[in-house]
Amino acid sequence: MATEPQKKPRAEDDWTWEIVLLVVGSLALLSAAWLAARLGASFVGEPDPPGNPVSFAVALVTGDYAWPGGAANAIAAAEALLVAGLVTAGYRMRQRLQNRPDVDRAARHMVDGTDLGKLTMKGAAATAERLGVQAQVPGVFIGRSVKGRQPLFGSFEDMHVDIWGPRTGKTTRRAIPAILNAPGAVLVTSNKRDIVDGTRGPRQARGQVWVFDPQQVAQEPPTWWWNPLSYVTDVAKARKLADHFASGSRDADASTDAFFDPAGQDLLANLLLAAATAKAPLTQIYTWLSNPKDDTPERILRSAGHTMPADSVSGVITAPDKQRSGIYGVAQQMASCLINPEVNKWVTPIGPADGRPEFDPREFVRTGSTLYSLSREGSDSAGPLVTALTVAVVEAAEEYATTQRGGRLSLPMVGVLDEAANVCRWRALPDLYSHYGSRGIVLMTILQSWAQGVEVWGDRGMEKLWSAANIRVYGGGVSDTRFLGDLSELAGEYELREYSATQEAEFGGWSGNRTVNESVRRERVLQVSDLGAMPPGRALVLASGTKPVLVETIPWWEGPYAREVKASLSKYDPGAAR
Ligand SMILES: Nc1ncnc2c1ncn2[C@@H]1O[C@H](COP(=O)(O)OP(=O)(O)OP(=O)(O)O)[C@@H](O)[C@H]1O
Ligand SMILES: [Mg+2]
């Protein structure tokens with residue numbers, strides 16, 4: 001651990017500095033005058049001044065030598081200008097250094113250079129080579145270390161979790177650079193259009209762009225559709241899909257009914273399976289849910305050999321009225337986003353001969369295409385459909401990965417789950433997180449606070465997600481002292497050397513010994529208050545296998561693709577000046 005010495009107090013009668021400054025300054029001035037005289041004299045053919053600045057000064061004073069004037073004056077003026085320029089540049093540089101955020105001082109106690117190991121470009125490139133990744137970039141860019149200014153990357157087997165408060169730069173400094181640096185297919189979730197407008201232009205140049213926008217977040221017309229029932233190929237997948245509808249419609253810690261909630265979710269899963277089996281559109285679910293006595297789904301399931309789901313549906317239909325309506329009511333509420341006809345255009349065919357292309361997750365993961373999945377938060381959110389589409393794509397990527405070397409995608413897929421807690425409430429995510437890393441599916445879950453994660457995954461789930469991530473980034477703007485306290489502890493301590501001066505008075509205060517005492521105290525590298533007040537552009541990165549590091553995050557407009565993003569924004573952002 002490094003010990004930081006505090007500035008040693010100066011004795012009151014210590015003029016050493018001032019004297020040194022005066023002597024050096026006078027010598028520099030004399031030398032400049034001597035040089036001007038020498039050059040000026042040779043220019044106009046006058047006699048040379050004495051051989052060195054000191055004898056030159058003496059000769060000037062005694063009148064043995066006369067200032068050559070003319071050219072010497074011009075040279076002296078040029079020298080003065082040069083010095084003024086240097087002083088101004090020095091002053092500006094000092095001001096720039098002083099303008100650096102206070103938090104940067106903490107970086108002095110952090111690791112740099114080779115201690116950053118696999119996070120450095122070299123380290124990430126070595127991992128990419130070991131994994132057999134065929135990408136132009138070494139990994140997913142995180143930022144530049146404040147100490148040593150090294151670019152840092154997460155490798156293609158690292159999973160990211162980011163906690164940045166509102167308006168701290170999640171989209172501009174983290175999501176957009178990750179999307180634009182991604183080597184293969186990209187999956188994006190969000191509740192705002194900024195991320196789509198800024199990146200769809202450059203992404204279009206690399207492959208097809210799909211914008212899933214059932215709630216018209218980006219005013220995207222439904223020129224294509226996706227059938228969530230195409231995902232339902234068996235009972236397990238029907239249950240998973242029902243789980244997305246359930247988790248999208250309530251919080252993890254919301255009070256649930258121990259009987260009706262699971263029963264409603266089971267019913268929904270069975271109806272999804274029935275609709276998928278009958279090749280009916282997704283909206284059929286809502287029709288069935290509105291007619292609790294309709295036994296069509298039971299008959300479909302039974303004739304397809306799904307005996308147990310059929311029995312389960314029949315059990316609900318024949319249950320006492322109150323029980324049946326309770327279970328149907330819960331299921332209906334979970335599937336409530338399907339009531340909106342605008343939403344349905346994205347997940348069901350329009351008319352009997354719908355000519356729009358149908359999105360196929362299996363095909364998508366084999367290309368360098370980009371999928372944006374957008375929805376608003378809230379009770380009528382299309383979040384369950386966004387989650388379902390995200391899961392379908394990630395699972396298709398996993399399936400594709402098993403056919404490749406080492407069971408991982410040779411061209412990794414990057415999933416940027418911006419506003420994950422609002423629009424992609426994927427309950428199983430913490431359990432699967434580290435597994436996807438080993439498949440070449442790099443996910444970046446971006447949250448506004450720890451509490452937001454707890455809302456979706458519960459305390460244990462959020463802990464699990466945080467520890468399953470290899471790259472944990474805190475980008476400021478959070479006031480949860482418990483979370484910040486944990487980060488502060490992880491950032492470690494350093495030893496601070498302090499000095500205190502005491503003056504012993506003797507002879508009635510006329511004389512005495514001055515003693516300087518030295519003491520060493522341990523301090524946190526980053527206090528909770530430093531983390532709470534972390535300015536935009538700074539982030540603390542906790543990566544597994546390396547010590548914490550403070551980084552400077554780079555917004556897209558300072559990145560290599562600034563021009564492409566600007567062009568994309570002016571083309572797609574309705575608020576951009578054209
Ligand atoms: N092109 C730009 N140039 C300069 N500043 C910008 C630009 N675009 C956005 N900003 C500013 O950068 C800051 C961070 O914006 P950003 O959208 O990345 O934050 P965020 O954390 O994603 O916010 P939110 O919580 O709203 O999603 C904001 O103050 C925003 O006004
Ligand atoms: Mg944002």
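Can you find, among I441, P177, L371, the residue sitting farthest towards the positive end of the charge dipole of the chain, where Lys and Arg contribute +1 and Asp and Glu -1 at Cβ?
Value: L371.
Quick one: putting +1 on the C-beta of Lys and Arg, -1 on the C-beta of Asp and Glu, what dipole do you get for region 138-209 around its Cα centre, in Debye to the nearest 20?
Details: 12 positive and 5 negative charges, 66 e Å.
Taking the Cα centre of region 138-209 as origin, the dipole is about 320 debye.
Can you list which of the chymotrypsin sites (Phe, Trp or Tyr not before Pro) found in region 156-228 are DSSP loop residues with at most 14 other C-beta atoms within 10 Å?
Loop-located and lightly packed - none at all.
Find which of L282, N270, T387 sits farthest along the positive direction of the dipole of the chain, computed with +1 on the beta-carbon of Lys and Arg, -1 on that of Asp and Glu, about the Cα centre.
Value: L282.
How far is it, in nm, from the label point at L86 to the one at D115 when both lie 7 Å from their Cα along the line to the Cβ?
3.5 nm
Could you compute the FRET efficiency for T481 and S544, with r as their C-beta to C-beta distance and R0 at 25 Å, rounded to 0.05?
Efficiency for this residue pair is about 0.55.
Given a 1.4 Å probe, how much area per residue of the chain is accessible, in Å²?
On a per-residue basis, 48 Å².
Can you tell me the dipole magnitude for region 22-106 around its Cα centre, using point charges on the Cβ only (Lys, Arg +1; Asp, Glu -1), in Debye to the nearest 20?
Dipole magnitude for region 22-106 comes out near 520 debye.
Pop the C-beta distance of A205 and A78 into the FRET formula with R0 = 45 Å and round what comes out to the nearest 0.05.
0.30
At most 14 other Cβ atoms within 10 Å and a DSSP loop assignment: could you name the trypsin sites (Lys or Arg not before Pro) in region 238-314 that fit?
K279, K293
How far is it, in nm, from the label point at S303 to the one at V54 when both lie 7 Å from their Cα along the line to the Cβ?
Distance between the two pseudo-spin positions: 11.3 nm.
Output wanted: per-residue J couplings in Hz (rounded whole) for region 151-167, from phi through Karplus 6.51 cos²θ - 1.76 cosθ + 1.60, θ = phi - 60°, x for Gly and Pro.
Using θ = phi - 60°, the values come out as x, 10, 9, x, 6, 7, 10, 9, 9, 10, 10, 10, 10, 9, x, x, 6 Hz.
Placing unit charges on C-beta atoms (Lys and Arg positive, Asp and Glu negative, everything else neutral), compute the dipole magnitude of the chain about its Cα centre in debye, rounded to 20.
Charge dipole of the chain: 1240 debye, to the nearest 20.
Tell me, what is the percent relative contact order of the chain, built from C-alpha pairs under 8 Å that lie six or more residues apart?
22 percent
Using Cα pairs under 8 angstrom and six or more residues apart, how large is the relative contact order of region 228-344, in percent? Spell out each step's value before the answer.
Numbers: 131 pairs, mean separation 36.5, N = 117.
Relative contact order comes out at 31 percent.
If we sort 471-483, 414-426 on the protection proxy, mean other Cβ atoms within 10 Å, highest first, what's the order?
Details: 471-483: 19.4, 414-426: 26.2.
Listed from highest to lowest mean packing, they are 414-426, 471-483.
What length, rounded to one decimal in nm, is gained on full extension from T367 through to K322, with 0.36 nm per residue of separation minus their alpha-carbon distance?
Computed gain between T367 and K322 is 11.1 nm.
So what J values fall out for region 68-74 if you push phi through Karplus, 6.51 cos²θ - 1.76 cosθ + 1.60 with θ = phi - 60°, rounded to Hz, Gly and Pro as x?
After applying 6.51 cos²θ - 1.76 cosθ + 1.60, I find x, x, x, 4, 4, 4, 4 Hz.
Once phi is turned into θ = phi - 60°, what whole-Hz ³J(HN,Hα) does the Karplus curve with 6.51, -1.76 and 1.60 give for every residue of region 187-195, x standing for Gly and Pro?
For region 187-195, the Karplus curve yields 10, 10, 10, 6, 10, 10, 8, 3, 5 Hz.
Taking the simple approach of a point 7 Å from Cα along Cα-to-Cβ for both Q216 and E358, what is their distance in nm?
Distance between the two pseudo-spin positions: 2.7 nm.
Hey, what angle do you get for helix 321-334 against the long axis of the chain, alpha-carbon based, 0 to 90 degrees rounded to 10?
Relative to the chain, helix 321-334 is tipped by roughly 40 degrees.
List the residues whose amide H sits under 5 Å from the amide H of G440, counting only those 5 or more places along or on another chain, with H placed 1.01 Å from N in the peptide plane.
L409
Highest mean first, how do 76-87, 320-331 rank when packing is the count of other Cβ atoms within 10 Å averaged over residues?
Highest-to-lowest ranking by the protection proxy: 320-331, 76-87.
Using Cα positions and a limit of under 20 Å, work out the lysines in reach of K122, with same-chain residues fewer than 8 apart set aside.
Straight-distance partners of K122: K147, K547.
In the chain, what percent of the accessible surface is made up of carbon and sulfur (1.4 Å probe, ligands and nucleic acids excluded)? Walk me through the numbers before you get to the answer.
Numbers: 15030 of 27620 Å².
Exposed carbon and sulfur together represent 54 percent of the surface.
Any idea what angle helix 562-572 forms with the longest principal axis of the chain, computed on alpha-carbon atoms, 0 to 90 degrees, nearest 10?
That works out to roughly 40 degrees.
Counting other Cβ atoms within 10 Å, keep those with at most 12, restrict to DSSP loop, and tell me which trypsin sites (Lys or Arg not before Pro) in region 79-170 are left.
Details: sites: R92, R94, R96, R105, R108, K118, K122, R130, R144, K147, R149, R167, K170; in loops: K147, R149, R167.
Listed in order of number, the matching sites are R149, R167.
Taking the Cα atoms only, what angle lies between the long axis of helix 307-317 and the longest principal axis of the chain, rounded to 10 degrees?
So the inclination is approximately 80 degrees.
If you take the charge dipole of the chain about its Cα centre, with +1 on Lys and Arg Cβ and -1 on Asp and Glu Cβ, which of P535, A401, A124 is farthest toward its positive end?
Highest projection toward the positive end goes to A401.
Which whole-number percent gives the relative contact order of region 524-578, counting Cα pairs below 8 Å spaced six or more residues apart?
So the answer I get is 19 percent.
So what is the calculated 222 nm ellipticity per residue for the chain, using -39500 (n - 2.57) for each DSSP H run with n of 4 or more, over all residues, to the nearest 500 deg cm²/dmol?
After summing the helix terms and dividing by the residues of the chain, the value is -13500 deg cm²/dmol.
The values are calculated or read from the model by the stated rules, or taken from the named source; none is laboratory data. On a predicted model such as this, the values are computed, not experimentally measured, just so you know. Don't worry about glycine lacking a Cβ; one is built from the backbone with ideal geometry, like all the others, and counts go over all protein chains shown. To get the accessible areas, we keep the full protein, side chains included, count just its heavy atoms, and leave off ligands, DNA and RNA. Shrake-Rupley method; radii C 1.70, N 1.55, O 1.52, S 1.80 Å.
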